[in-house]
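Visitor: One structure coming up, written as C-alpha cells, with questions to follow.
The values are calculated or read from the model by the stated rules, or taken from the named source; none is laboratory data. Remember, predicted model here, so these are calculated numbers, not experimental data. Because the Cβ atoms are built from the backbone with ideal geometry, glycine has one as well, and the counts that use them run over all protein chains shown. Keep in mind that these areas ignore ligands, DNA and RNA; they rest on the heavy atoms of the full protein, side chains included. Shrake-Rupley method; radii C 1.70, N 1.55, O 1.52, S 1.80 Å.
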Amino acid sequence: MTIDLTRRHFVGGAIAASVLPLPAFAQDKPVLKFSAVFSEQDIRAEMTKMFAKEIEGAFKLEPYYGGNLFKQGTELVALQRGNLQMGNIAPQDFAKQIPEWSVLSSAYLFRDAAHVQKFFASDLGAEYKKMVEDQLSVRILGPTYFGSRQVGLKPDKKITTPADMAGIKLRMPGGDAWQFLGTALGANPTAMAYAEVYTGLQTGAIDGQDNPLPNVKNMKFYEVMSQIVLTSHLIGYDLLTVSSKVWGEMSPEQQTAFQAAADKAMTWSQGEHIKQEGTLIEEFKKAGLNIYEPDVAAFRTFAREKYAGSELSKSWAPGIIEKVEAL
C-alpha cells in the first residue's frame, strides 16, 4: 500500500508506519522533524505550516524554529546522520562539504528572486542539486527566498564605498563562505549566532549585521541600529530539503505530490517576502533609521575582485559565473 498525498483524509486508518519505516516515530504517520534558524514569526514559518497542511494526510511535520533543535550550521549534518528528516539549509552550509557550491553564495551573483528560481529550475541548477544528493544524501526541493541582504549598522557612519566599511565589525554566520562574504564587502567579519545578534548590536560587540529587511523586522534589529545601507549584495535564499532516505522510501506518485506541496508553499512565501520588502523601507524610516543606497557598482566591483583572487574561487567550475548570469 502506498501513501496518497493527494487526499486529505483516509479511510479506516489505512496509513501504517510500515509504509515509510522510520524507527521510533509515530505509529500512524511518519513524523518528519523539520529544523530552521528562522523564528516562528517569520514568513517562512507560515510557509512551513502551509506545507505541513498539504502533506498532513500522509506525514506529520514537526517543526522547530529559531535553531532550538539544531543550531545554525548544524542542520545539514543532522540530516546526514538521520537525526533530522527535513531542514531549511543555507547554501553556505552545502559549501562546507562541497566547495564548488560556494559560488552560489557569492556576492552579486544572482539578480533577484526570479533569477534564483530560474537557476535551480535549469539544467545547470540540476547539476548542483545532484551533487548534494549524490555526495550528501540530501534531496533539495527548492530555494526559499527571504529577501535581498542589506547592511545594517549601529554606528552613524556614512557608507558610500567598500573603503568606508574598513574596521566595521560585521556579524556573519560561521563558515568560510559566510566569513568571506563579509570580507568581500570591505568589513571585518565577526562570527556570531543569529539569536545573539540583537544583543551583540545592543552591547557593541558588533557594529552591524547583514540581513534582508523582513529579517530585520522579525528580529527587531532596527531597534538597535541607526542605519540601513542598501548594498543588495546577496539575494537571500536557503534550500528546503528532505533526507534522501525519506525521499527514496516514497513511490514516484508520492514524490510528485510531496514536491508539489513544497512548490506551492515556497511560491507563496516568496511572494509574501517581495511584498514586505516593498513596504519596509518607509516603515523603518518612520522608526528613525537612515536608509540610503551606496555606490553599489563600487561594491560589486570590489567583491568580484576579492572572489577572483580567493581560495574559494579555485573550486568553482570554469565559466560558472558567466553561465549563471546568462540565465
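Visitor: Among the numbered criteria (1) open to solvent by less than 60 Å² (accessible area, probe 1.4 Å); (2) farther than 28 Å from residue 139 by Cα; (3) at pLDDT below 95, which one does residue 254 miss?
Guide: (2)
Visitor: Would you check if residue 72 is modelled with pLDDT of 95 or more and of a type in the set (S, T, N, Q)?
Guide: No.
Visitor: In addition: Restricting attention to helices (runs of 4 or more DSSP H) lying wholly within the range 191-276, give those where 1 or more residues are under 20 Å from residue 41 (Cβ atoms) and of a type in the set (Lys, Arg).
Guide: The helices (runs of 4 or more DSSP H) meeting that bar are 213-218.
Every residue, every condition in (1) on the phi > 0 side of the Ramachandran plot; (2) part of a helix (DSSP H, G or I); (3) open to solvent by 10 Å² or more (accessible area, probe 1.4 Å), yes or no:
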position	(1), (2), (3)
80	no, yes, yes
135	no, yes, yes
151	no, no, no
156	no, no, yes
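Visitor: Please tell me if residue 235 is in contact with a helix residue (DSSP H, G or I) (Cβ under 7 Å, 6 or more places away or on another chain), of a type in the set (A, V, I, L, M) and under 30 Å from residue 197 (Cα atoms).
Guide: yes
Visitor: Sort out which residues of the range 82-97 are of a type outside the set (Asp, Glu) and part of a helix (DSSP H, G or I), and write them in order of number.
Guide: Listed by number, the residues that qualify are 91, 92, 94, 95, 96, 97.
Visitor: Restricting the range 309-327 to residues that are over 14 Å from residue 100 (Cα atoms) and of a type in the set (Gly, Ala, Ser), which is surrounded by the fewest Cβ atoms within 10 Å (Cβ to Cβ)?
Guide: 326
Visitor: Another one. Condition first: more than 30 Å from residue 225 (Cα to Cα), in contact with a Ser or Thr (Cβ under 6 Å, 6 or more places away or on another chain) and assigned to a helix (DSSP H, G or I). Can you find one or more residues in the range 285-302 that meet it?
Guide: no
Visitor: Checking the condition free of Cβ contacts under 8 Å to residues at least 40 places away in the same chain and within 30 Å of residue 200 (Cβ to Cβ), which residue from 187, 177 passes?
Guide: 187
Visitor: Let me ask something else. Would you call residue 303 buried (at least 19 other Cβ atoms within 10 Å of the Cβ), small (Gly, Ala, Ser) and modelled with pLDDT of 95 or more?
Guide: Taking the combined requirement at face value, the residue satisfies it.
Visitor: Let me ask you something else. Mind listing whichever residues of the range 98-130 are part of a helix (DSSP H, G or I), under 24 Å from residue 259 (Cβ atoms), in contact (Cβ under 8 Å) with a residue 24 or more places away in the chain and open to solvent by 10 Å² or more (accessible area, probe 1.4 Å)?
Guide: 117, 118, 124
Visitor: Take the conditions under 23 Å from residue 103 (Cα atoms), open to solvent by less than 60 Å² (accessible area, probe 1.4 Å) and of a type in the set (Gly, Ala, Ser) and apply them to residue 200. Does it pass?
Guide: Criteria not met by residue 200.
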